[in-house]
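Note sheet for the following structure.
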Amino acid sequence: MENQVQQKKTIFSGIQPSGTLTIGNYIGALRNFALLQDDYNCIYCVVDMHAITVRQDAAQLRKRCLEVAATYMACGLDPKKNIIYCQSHVSGHAELSWILNCFTYMGELQRMTQYKDKAAKHADNINAGLFTYPVLMAADILLYQADLVPIGADQKQHLELTRDIAQRFNGVYGDVFTVPEGYFGKIGSRIMSLQEPTRKMSKSDPDDCYIAILDPEDAIRRKIKRAVTDSDGEIRFDPENKPGVSNLLSIIAAMSNSSIEETVSKLQGQGYGSLKNYCTEVVLDTLRPIQAEHAKLMADKAYLQSVLMENAERANAIATRTLRKVQKKIGFAERIKK
Ligand code: TYM
């Protein structure tokens, strides 16, 4: 048994506690976390240090960290099987991030599309953390020697940079880091805005563009009813020419665990009203149990906090192993063993 645990590969992923989580986060990331948890050693982080690259209200941030942890668990992640913890509770993230900063080029960071988008959105606060954000993400992943990183399509560029940094470091010091692969779900690695379906669904857009995991039923009904479609009236999967309809089909397929083909054939010949009704029912069926479990967990903050604390210790033990190896390789003086 112990051997089996040892032989399992490692997964690492994270979500920012910077706003309400959407069904984009659920379909692109969370759903896959839950699907993968039996076959891997999984580490799922609440990346609060990433969140402060944009100004946050302190009380809100504290609450949202617990909310994201509760969402992980409400989506089916078992905190005994998986390590669920807050990034800021394990100091190795910041320490490795600094070291990796010295192995990352300005030009690489300047090319990051998320940096360019966020810098445009927060022109009054283009801080250095926003710029080096992807290096902290690389540190998150490499600290745990992760083999696989389940993420949505928008994080692909950051993962590629992580691989480049790992390979660069390994090229100098030998095989220190596992070079991670991305895991992208077959369906829904890019869920689009309900109002502008050529853009990614994002929690920072106006409220009717996204469905929050914790949205009440009436809001979900209203938002899907108003979702932008097109005028040709045919239910067909064609993201380029029919982005709105294709997005609803992806949401249905992902949330009902079926393929796009099955979903299209089920709805073929019907109107957009039926498509939206069906989408609404599937979304509600998926979110209802998650919302109920989330409410239960949030009512017991002491339990949530104890989970985060215990899990941070487990994470810290793994992270420290990698960090010490890295520090030794680059020539930091030996430290007293405790
Ligand atoms: P974040 O917090 O923006 O999003 C969390 C996860 O949700 C995915 N996602 C989506 N997937 C499909 N469609 C969408 N519309 C959509 N919106 C978001 C994201 O791709 C992500 O997987 N930098 C990361 C957090 C992070 C991280 C890490 C991830 C920090 N360190 C280490 C993996 C490994 C971020 O901002 O995700």
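The values are calculated or read from the model by the stated rules, or taken from the named source; none is laboratory data. As the structure is a computational prediction, the values presented were derived from the model and not from experiment. Don't worry about glycine lacking a Cβ; one is built from the backbone with ideal geometry, like all the others, and counts go over all protein chains shown. The protein model used for the area step is the full one, side chains on, heavy atoms only, and it has no ligands, DNA or RNA in it. Shrake-Rupley method; radii C 1.70, N 1.55, O 1.52, S 1.80 Å.
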Practice prompt. Considering only residues that are of a type outside the set (Asp, Glu) and more than 13 Å from the ligand (Cβ to nearest atom), look in region 122-144 and name the one that is modelled with the lowest pLDDT.
Written response: 122
Worksheet entry | Selection status of residue 237, touching a helix residue (DSSP H, G or I) at 6+ places or on another chain (Cβ under 6 Å) and among the aromatic types (Phe, Trp, Tyr) | yes
Practice prompt. State all residues of region 108-124 that are open to solvent by 70 Å² or more (accessible area, probe 1.4 Å) and either outside any helix (DSSP H, G or I) or over 17 Å from residue 153 (Cβ atoms) (or both); if no residue qualifies, say none.
Written response: 110, 111, 120, 121, 123, 124
Worksheet item: Just checking, which of 29, 51 is near the ligand (Cβ under 10 Å from one of its atoms), modelled with pLDDT of 95 or more and under 26 Å from residue 187 (Cβ atoms)?
Response: 29
Worksheet item: Within the bounds of region 166-182, is there any residue that is under 23 Å from residue 260 (Cα atoms), surrounded by 15 or more Cβ atoms within 10 Å (Cβ to Cβ) and more than 19 Å from the chain's Cα centre (by Cα)?
Response: no
Worksheet item: Within region 229-251, can you find the residues that are touching a Leu at 6+ places or on another chain (Cβ under 7 Å) and either acidic (Asp, Glu) or open to solvent by 10 Å² or more (accessible area, probe 1.4 Å) (or both)?
Response: 237
Fill in: Looking only at region 168-189, and only at residues there that are closer than 20 Å to residue 322 by Cα and in a loop (DSSP other than H, G, I, E, B), the one that is nearest to the ligand (Cβ to nearest atom)
180
Worksheet item: Of all residues in region 3-26, which are more than 6 Å from the ligand (Cβ to nearest atom) and modelled with pLDDT of 95 or more?
Response: 9, 10, 11, 17, 21, 22, 23, 26
Worksheet, complete the sentence: Among the residues of region 252-294, the number that are open to solvent by 60 Å² or more (accessible area, probe 1.4 Å) and within 30 Å of residue 90 (Cβ to Cβ) is 1
Practice prompt. May I ask you to verify whether residue 153 is at pLDDT 95 or above, among the hydrophobic types (A, V, I, L, M, F, W, C) and open to solvent by 30 Å² or more (accessible area, probe 1.4 Å)?
Written response: yes
Item to complete: Would you confirm whether any residue within region 140-150 is open to solvent by 30 Å² or more (accessible area, probe 1.4 Å), closer than 22 Å to residue 31 by Cα, in contact (Cβ under 8 Å) with a residue 60 or more places away in the chain and touching a strand residue (DSSP E or B) at 6+ places or on another chain (Cβ under 9 Å)?
Response: yes
Discussion item. For region 190-199, give me each residue that is β-branched (Val, Ile, Thr) and either within 8 Å of the ligand (Cβ to nearest atom) or touching a Cys at 6+ places or on another chain (Cβ under 8 Å) (or both).
Written reply: 191
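Rundown of residues vs (1) in contact with a Pro (Cβ under 7 Å, 6 or more places away or on another chain); (2) within 16 Å of the ligand (Cβ to nearest atom), yes/no style:
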position: 207; (1), (2): no, yes
position: 235; (1), (2): no, no
position: 240; (1), (2): no, no
position: 247; (1), (2): yes, yes
position: 250; (1), (2): no, yes
position: 264; (1), (2): no, no
Response to the item:
The lone condition residue 251 fails out of (1) part of a loop (DSSP other than H, G, I, E, B); (2) under 30 Å from residue 11 (Cβ atoms) is (1)
Fill in: Test: residue in region 47-67 that is of a type in the set (S, T, N, Q), more than 24 Å from residue 98 (Cα to Cα) and in contact (Cβ under 8 Å) with a residue 24 or more places away in the chain
no
Worksheet item: Could you say whether any residue in region 153-167 is in contact with a helix residue (DSSP H, G or I) (Cβ under 8 Å, 6 or more places away or on another chain), more than 9 Å from the ligand (Cβ to nearest atom) and outside any helix (DSSP H, G or I)?
Response: no
Practice prompt. Only residues in region 193-213 that are of a type in the set (Phe, Trp, Tyr) count as the first member; pair them with residues that are not in a helix (DSSP H, G or I), Cβ under 8 angstrom, at least 6 apart or cross-chain, and list the lot.
Written response: 210/22; 210/193; 210/194; 210/201; 210/202; 210/203
